[in-house]
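The values are calculated or read from the model by the stated rules, or taken from the named source; none is laboratory data. Remember, predicted model here, so these are calculated numbers, not experimental data. Virtual Cβ from ideal backbone geometry, glycine too; neighbours counted across all protein chains shown. Protein only, heavy atoms only, side chains kept; ligands, DNA and RNA dropped before computing areas. Shrake-Rupley method; radii C 1.70, N 1.55, O 1.52, S 1.80 Å.
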Amino acid sequence: MTFRGWAGTQRLGFRLAILMAVALLPLGIVAYAQTRNLANEAQARTEAALLGATLRAASSEVGIIRQARGLVEGLAVNGSLLVTDPAQCQSLLSLAQQRADHVAIVTFIPMSGRMICSSTGRSFDYSDDPLFLKARDLRTPSFLVNTSGPLTGQSVLGVLEPVFDVTGTKLGFISAWLPHSQLNERSAKSMLAPSGKEDAAISFWTFSRDGEVLTSSVGLDGVKAILPVDRTLTDLADDRDGVFRDRTADGEARTYAVVPLADGDLYLMSSWNARDASAFERFGVDPKVFPILMWLAGLFASIWAAELLVGRHVRLLHRSISAFASGDRRRQEIDLAGAPLELRQMAESYLIMTDSITKDEAQLEDTIHQKDVLLREVHHRVKNNLQLIASIMSMQLRRARSPETRGLLRNLQDRVMSLATIHRGLYQTSGLADVRADELLSDIVKQIVNLGSGASGRFAIEEDFDDIRLIPDQAVPLSLLLTEAMTNAMRFGTGTGTDPIRIVVRLKRSGPGDVRLEVRNSASNPAPPDSVEAGLGAQLIAAFTMQVGGTLTQGMDGDDYTLSVIFPVAALSDAEQRDHPAGKLTKSTARD
């Protein structure tokens with residue numbers, strides 16, 4: 001089945017492009033799959049490197065937090081001593097702080113909130129502090145952030161461990177407070193991205209299971225600008241490592257890594273600017289797009305090649321063929337320089353063919369012209385011979401003494417002159433496929449009236465002819481039929497008083513493909529004395545009607561006697577119809 005919905009699909013370039021697309025499709029699929037695999041492998045390596053870089057960058061800070069965590073866990077074992085002996089409690093906490101360089105202060109806060117035991121010997125009432133109220137109900141190790149510690153006067157991270165007695169009653173909690181400034185200072189030196197570029201530094205922060213940011217390499221306020229918008233820290237608090245991509249609130253694409261620490265109570269998270277991932281991603285281009293672009297480039301290359309090698313040459317050859325088919329017989333040189341050998345051979349064969357056709361047409365036209373000249377000469381000689389016969393009959397007519405003889409000779413002379421008139425029309429129209437019936441019948445009417453006016457008196461002739469084209473096989477019997485009808489009309493027509501005999505001759509179209517010939521004459525009697533139904537005239541009219549393939553109707557119509565013949569006209573070709581458009585000719589003459 002051929003697709004014809006769009007003409008462009010029939011062109012060589014389009015079809016070649018489709019074939020090339022199908023041919024290149026397997027290679028394009030393989031290239032796309034390989035590129036996708038490489039991209040996925042590179043992404044996996046980047047994610048693994050990011051996790052490693054995150055752990056390395058935060059190793060110092062995480063180590064300090066874990067050290068503080070171990071410190072408070074060890075102190076919590078001596079919970080009863082911390083409550084019963086304040087002096088021993090302060091001595092124990094001071095010794096613990098001296099062993100932990102980065103701990104600002106270690107405190108024991110009882111359930112009442114009134115702290116009397118700390119590593120620095122200071123006391124403080126936390127009973128109304130919101131953070132204490134939050135930590136009082138905790139029964140598991142946890143972390144707290146105080147942006148303005150009452151004892152240290154700076155932003156600190158608190159590592160809390162609940163203290164219980166032997167019965168499981170909560171006595172309070174041990175807390176070690178780490179200044180954020182020291183944590184950030186220790187980790188700043190190792191903040192490099194997996195690529196190792198200084199301008200691609202990662203940012204990392206720690207957060208608790210509740211989603212609270214504990215420490216940050218960019219400050220507690222700065223971390224808010226780089227948090228992902230589609231995931232919350234609470235959603236990310238699980239026990240699995242993970243790397244994902246997301247955007248910040250400002251729309252910046254970043255890569256994130258999450259690592260759980262301290263038995264799931266502490267989480268480490270890092271962020272890396274995604275635009276530093278690869279050269280392609282800096283411009284927002286997916287590497288998997290390139291195989292598709294290469295495939296499309298192959299299609300355009302095939303279309304261009306088809307146009308360069310074939311399309312333009314075929315169009316040039318097509319224009320030359322179309323001009324020759326429309327009748328332009330001028331020899332056209334076809335410049336196919338650079339075309340493939342097959343097209344050049346086709347053009348040479350076409351030029352040879354057009355030369356042969358042009359020569360054959362010229363010879364045929366010459367032959368037709370010769371035949372036309374011979375045919376004209378035949379009609380001319382026949383016309384002259386018939387006129388000679390009519391002249392001889394006219395001489396014989398003048399010598400005839402019997403009225404009957406003169407009438408027979410005159411009728412015979414009219415028929416011969418009608419034939420001469422027909423051959424004169426054929427002589428003038430030789431070489432054409434048809435004869436103009438209006439001109440031919442008008443000449444016959446004039447000739448018959450001129451020959452019969454002297455003997456029969458005055459006639460008023462009305463003519464109404466359509467521009468109808470007839471082939472010679474119809475024109476000859478129709479002319480003879482009109483001659484017989486006119487002769488009878490002039491012979492048997494009658495006038496009133498001094499009025500001449502009125503004769504109307506019409507040739508009109510009566511329907512699709514049909515023509516009507518009508519001869520009407522004024523008559524005072526119901527039927528002419530010597531009616532056309534009898535005698536030689538009636539026989540000739542019936543015979544000529546059969547030759548044109550028509551139907552004869554005759555009789556009185558009011559005060560007129562009418563003879564009507566309806567016959568079909570042989571169809572002409574479309575070209576002949578264009579050359580001879582139909583028209584209408586109406587004439588009215590009066591003769592004595």
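Confirm whether Leu38 is part of a helix (DSSP H, G or I), surrounded by 19 or more Cβ atoms within 10 Å (Cβ to Cβ) and either touching a Ser or Thr at 6+ places or on another chain (Cβ under 9 Å) or in contact (Cβ under 8 Å) with a residue 40 or more places away in the chain (or both). The answer is no for Leu38.
Conditions tested, residue by residue: (1) in contact with a Lys or Arg (Cβ under 8 Å, 6 or more places away or on another chain); (2) at pLDDT 80 or above.
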{"site": "Gly513", "(1), (2)": "no, yes"}
{"site": "Glu518", "(1), (2)": "yes, yes"}
{"site": "Leu536", "(1), (2)": "no, no"}
{"site": "Leu552", "(1), (2)": "no, yes"}
{"site": "Gly555", "(1), (2)": "no, yes"}
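Yes or no, residue by residue, for (1) on the phi < 0 side of the Ramachandran plot; (2) open to solvent by less than 40 Å² (accessible area, probe 1.4 Å):
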| position | (1), (2) |
| --- | --- |
| Ile202 | yes, yes |
| Ser208 | yes, yes |
| Gly211 | no, yes |
| Thr215 | yes, yes |
| Gly219 | no, yes |
| Leu227 | yes, no |
| Asp230 | yes, no |
| Val243 | yes, yes |
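The requirement of being part of a strand (DSSP E or B) and within 28 Å of Phe207 (Cα to Cα) is fulfilled somewhere in region 84-105, by at least one residue.
The single condition from (1) of a type in the set (A, V, I, L, M); (2) over 22 Å from Arg424 (Cβ atoms); (3) touching a residue at least 40 places away in the same chain (Cβ under 8 Å) that Ile352 fails is (3). Does Ser148 satisfy the criteria of being under 23 Å from Ser216 (Cβ atoms), open to solvent by 30 Å² or more (accessible area, probe 1.4 Å) and not acidic (Asp, Glu)? In short, yes. Being under 30 Å from Ile444 (Cα atoms), at pLDDT 85 or above, among the hydrophobic types (A, V, I, L, M, F, W, C) and open to solvent by 60 Å² or more (accessible area, probe 1.4 Å) is a property that holds for Ile392.
For first residues located in region 192-219 and assigned to a loop (DSSP other than H, G, I, E, B), partners that are open to solvent by less than 10 Å² (accessible area, probe 1.4 Å) and at pLDDT 80 or above and lie 6+ apart or on another chain with Cβ distances below 7 Å form the pairs Ile202/Ser270; Ile202/Ser271; Ser217/Trp205.
Return the residue satisfying two criteria in turn: it lies in region 431-465 and is crowded, with 19+ Cβ neighbours inside 10 Å and under 59 Å from the mean Cα position of the chain (by Cα), and of such residues it is modelled with the lowest pLDDT. Out of the qualifying residues, it is Asp434. The set of residues in region 563-592 that are β-branched (Val, Ile, Thr), at pLDDT 50 or above and in a strand (DSSP E or B) comprises Val565, Ile566.
Filtering region 85-108 for residues that are touching a strand residue (DSSP E or B) at 6+ places or on another chain (Cβ under 6 Å) and of a type in the set (Ser, Thr, Tyr) leaves a non-empty set. Could you list, in sequence order, the residues of region 473-520 that are in a loop (DSSP other than H, G, I, E, B) and open to solvent by 40 Å² or more (accessible area, probe 1.4 Å)? Within region 473-520, Thr494, Thr496, Gly497, Thr498, Asp499, Pro500, Pro512, Gly513 qualify.
Kindly list the number of the only condition in (1) modelled with pLDDT of 50 or more; (2) open to solvent by 40 Å² or more (accessible area, probe 1.4 Å); (3) acidic (Asp, Glu) that fails for Asp560. Of everything listed in (1) modelled with pLDDT of 50 or more; (2) open to solvent by 40 Å² or more (accessible area, probe 1.4 Å); (3) acidic (Asp, Glu), Asp560 misses just condition (2). Pairing residues of region 392-405 that are within 12 Å of Val416 (Cβ to Cβ) with residues that are outside any helix (DSSP H, G or I) and not β-branched (Val, Ile, Thr), at Cβ distances under 7 Å and at least 6 apart in sequence or on separate chains, gives no pairs at all.
Of all residues in region 234-249, those that are modelled with pLDDT of 85 or more and charged (D, E, K, R) total 2.
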